[in-house]
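What follows is a single structure, written as structure tokens, with notes after it.
The values are calculated or read from the model by the stated rules, or taken from the named source; none is laboratory data. Because the structure is a prediction, the values reported are computed rather than measured. Positions of Cβ are generated from backbone atoms using ideal geometry, with glycine treated the same way; all protein chains shown enter the neighbour counts. When the accessible area is computed, the model is the full protein with side chains, heavy atoms only, and any ligands, DNA or RNA have been set aside. Shrake-Rupley method; radii C 1.70, N 1.55, O 1.52, S 1.80 Å.
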Amino acid sequence: MRKSCAGGPLGSSVGMVADLLAGEGRSRAYAPRGPGPLRRFMLARMARLSYPGSQAEQLLLAPQELRTADPSFATEVYNGHFGLAGRLAELGPRSPFEIEPPSEAWARELYGFGWLRHLRAAGSELAREQAKVLVGDFVRLNRGVSGLAFEPEVVARRAISWLSNSVVVLDSSEPRAYQAFLRALTEQLRYLSACYRDAPDGVPRLVTLMALIYAGLCIADQQAIVDAYVKPFCKELDRQMLPDGGHISRDPSASVELLLDLLPLRQCFVARDRLPPKQLSDAIDRAMPMLRFFRLGDGALARFNGCGPTPTDALATVLAYDDVEGAPLRAASNSGYARIAQGQTLLIADLAAAPAASVSTNAHAGCLSFEMSAGPQAIIVNCGAPPPDHDDWRLFARSTAAHSTLVFEDTSSAQLLNGDNGAARADGPLVGPPKAQGTLREEGEGIEVKGSHDGYVARFGVRHERRVVVATSGLLLAGEDRLVAASSRALPTGGDYAIRFHLHPDVTAQASADGRSVALVLPNRETWTLSSNAPSVMVEDSVFLADARGPRQSSQVVLAGALALDVRVVWTLEAGAKLGAPSPIEPDDAA
């Protein structure tokens, strides 16, 4: 009798592979995104007819795996532990494909098979057998096309992972197992060719097209696949990778994930003696400077629009392929961001509305927020997106209150679409603000970034305007936040505002006795002082979500007041200033 790979001897496996689309599907705990059950059934029937390739007979090459691998994963699996997406599943004698997934993110990683790289890195015969058994388990237990495992982007990730790590699964001395694996891979690709258009917009859709082109390059005699999909792939790549190098989702981390696949894809073209498409090379060349655009002094990516913990290993790997090292832009107008570098100070500001609804399921309502670092220390941050195992924070993370900007009436400047029960969905599309604009220009002894948005006009009749000037020395930031009437009529009265400055967890905040300023003490004991003319200057608790270890307690400085005839809050952030010292920009003006 065959035994599981978890905590016991390994039996034969891949030889048991059956055709993937035969038989009945199994129910899954998570509702799939993309095509519904009836459409999936029809797509499965159409798969063989629409697929431009033929049955795979031989693999010619395996794409380079750029993602970091952890060899200890193999030992954990043998001991019955399967840790993915921050969750650990206890398998006992069962296969991971037989248990109830501890989270949706865990299930996505399981069915995407990215963890095969860990078994490959282990380099042992035991790890190879584990890989064979687990691939066989998946095929044996997932003979239908139902559930999360057959969402288009999950199928694409699985196909890329199987190709990239085929060396750990295939054994030329076992012809039957070799052919069984190729049959299963071909069925994945046939299904993907029929359903790639159903993948969600953005990164998922691009990955599905990449998977098909990878297959055409890596499998012998599959030129027809490359010919069929390279044109739609290039068109989609040009649409998603903006002229300034940012991604259409406005998420700084999206480019890192894409480059981890785009770079090996370019290498595959070269390995097959084919010239990589110009759109592919150009997209890579545009994206590299934009990654440096989003890096603060501590090396982390600025936490805007779904960007959470920075994958430092992946970022370093990707940037190692940057031969040009072009200077980052100041104004990324297509992406809607501005970057000011003065002395040792870096400031990155969000000056645009939410992206299109189809690519906004991770976007945040952070218009006019900014992040700022001094030397290697981040000071002003946004809360950022939480890691997958802390998804309960996601709804808050997407709110305006989680960003370093003005919040009016404790309401977000952009709104999440509600679910069927009328409540906001943490993964729902983000709508608004309807209009946002920004500029970057030289201003006296510094550089000014200025912007406004209409996110509060429809509900409250006010528009938020913000300007920040960073002095040439980088030692002084002078800011101004205004609430102005949306029309020629008088400014509405009533309503409270809060201008939030979320602090990095390593920064300590100390309020002055007069309540006009707050000292921000960095780990190296350097002090910056935030002063303002706001009616109330307070230090409150906050939370930093963009940490791979989970949420961390932090602080925020809040400038608060009530809507009156004119709201003009001025503030400064100055290095070395004394606590309670007068602000250099009109501190006595009424707010």
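When you look at Leu417, is it of a type in the set (A, V, I, L, M, F, W, C) and open to solvent by 60 Å² or more (accessible area, probe 1.4 Å), yes or no? Yes, satisfied. Residues in segment 265-272: is at least one open to solvent by 10 Å² or more (accessible area, probe 1.4 Å), at pLDDT 95 or above and not in a helix (DSSP H, G or I)? Taking every residue of segment 265-272 in turn, at least one turns out to be open to solvent by 10 Å² or more (accessible area, probe 1.4 Å), at pLDDT 95 or above and not in a helix (DSSP H, G or I).
Output the number of the condition that Phe82 fails; it satisfies all remaining conditions of (1) under 24 Å from the mean Cα position of the chain (by Cα); (2) at pLDDT 95 or above; (3) crowded, with 22+ Cβ neighbours inside 10 Å; (4) assigned to a helix (DSSP H, G or I). All conditions pass for Phe82, except number (4).
Listed by first and then second residue, the pairs with beta-carbon distance under 8 Å, at least 6 apart or on different chains, first residue in segment 94-106 and touching a residue at least 40 places away in the same chain (Cβ under 8 Å), second of a type in the set (S, T, N, Q), are Arg94/Ser4; Ser95/Ser4; Phe97/Asn142.
For segment 456-481, filtering for residues that are hydrophobic (A, V, I, L, M, F, W, C), more than 16 Å from Asp350 (Cα to Cα) and modelled with pLDDT of 95 or more leaves 5. Scanning segment 27-68 for residues that are crowded, with 18+ Cβ neighbours inside 10 Å, modelled with pLDDT of 65 or more and of a type in the set (A, V, I, L, M, F, W, C) yields Ala56, Leu59, Ala62, Leu66. Taken over segment 524-557, residues that are open to solvent by 40 Å² or more (accessible area, probe 1.4 Å) and assigned to a strand (DSSP E or B) amount to 7.
Anything in segment 389-408 that is outside any loop (DSSP other than H, G, I, E, B) and either open to solvent by less than 10 Å² (accessible area, probe 1.4 Å) or of a type in the set (Lys, Arg) (or both)? List them, or say none. Residues satisfying the conditions are Arg394, Ala397, Thr400, Ala402, Leu406, Val407, Phe408.
Out of the residues in segment 112-138 meeting the condition of being closer than 16 Å to Glu187 by Cα and buried (at least 24 other Cβ atoms within 10 Å of the Cβ), tell me which one is nearest to the chain's Cα centre (by Cα). Checked segment 112-138; the qualifying residue nearest to the chain's Cα centre (by Cα) is Val135.
Of the residues in segment 206-217, not one is at pLDDT 95 or above and open to solvent by 10 Å² or more (accessible area, probe 1.4 Å).
Among the residues of segment 153-202, those identified as farther than 14 Å from Lys132 by Cα, open to solvent by less than 10 Å² (accessible area, probe 1.4 Å) and not in a helix (DSSP H, G or I) are Ala199, Gly202. Looking only at residues that are of a type in the set (Phe, Trp, Tyr) and touching an Asp or Glu at 6+ places or on another chain (Cβ under 9 Å) in segment 247-305, which one is nearest to Pro505 (Cα to Cα)? The qualifying residue nearest to Pro505 (Cα to Cα) is Phe304. Just one of the listed residues (Thr508, Thr493, Thr472) is of a type outside the set (Asp, Glu), within 29 Å of Gly444 (Cβ to Cβ) and open to solvent by 10 Å² or more (accessible area, probe 1.4 Å), and it is Thr472. Looking for something within 30 Å of Arg295 (Cβ to Cβ), surrounded by fewer than 20 Cβ atoms within 10 Å (Cβ to Cβ) and free of Cβ contacts under 8 Å to residues at least 60 places away in the same chain - is there at least one such residue anywhere in segment 237-247? Scanning segment 237-247, I find at least one residue that is within 30 Å of Arg295 (Cβ to Cβ), surrounded by fewer than 20 Cβ atoms within 10 Å (Cβ to Cβ) and free of Cβ contacts under 8 Å to residues at least 60 places away in the same chain, so the answer is yes.
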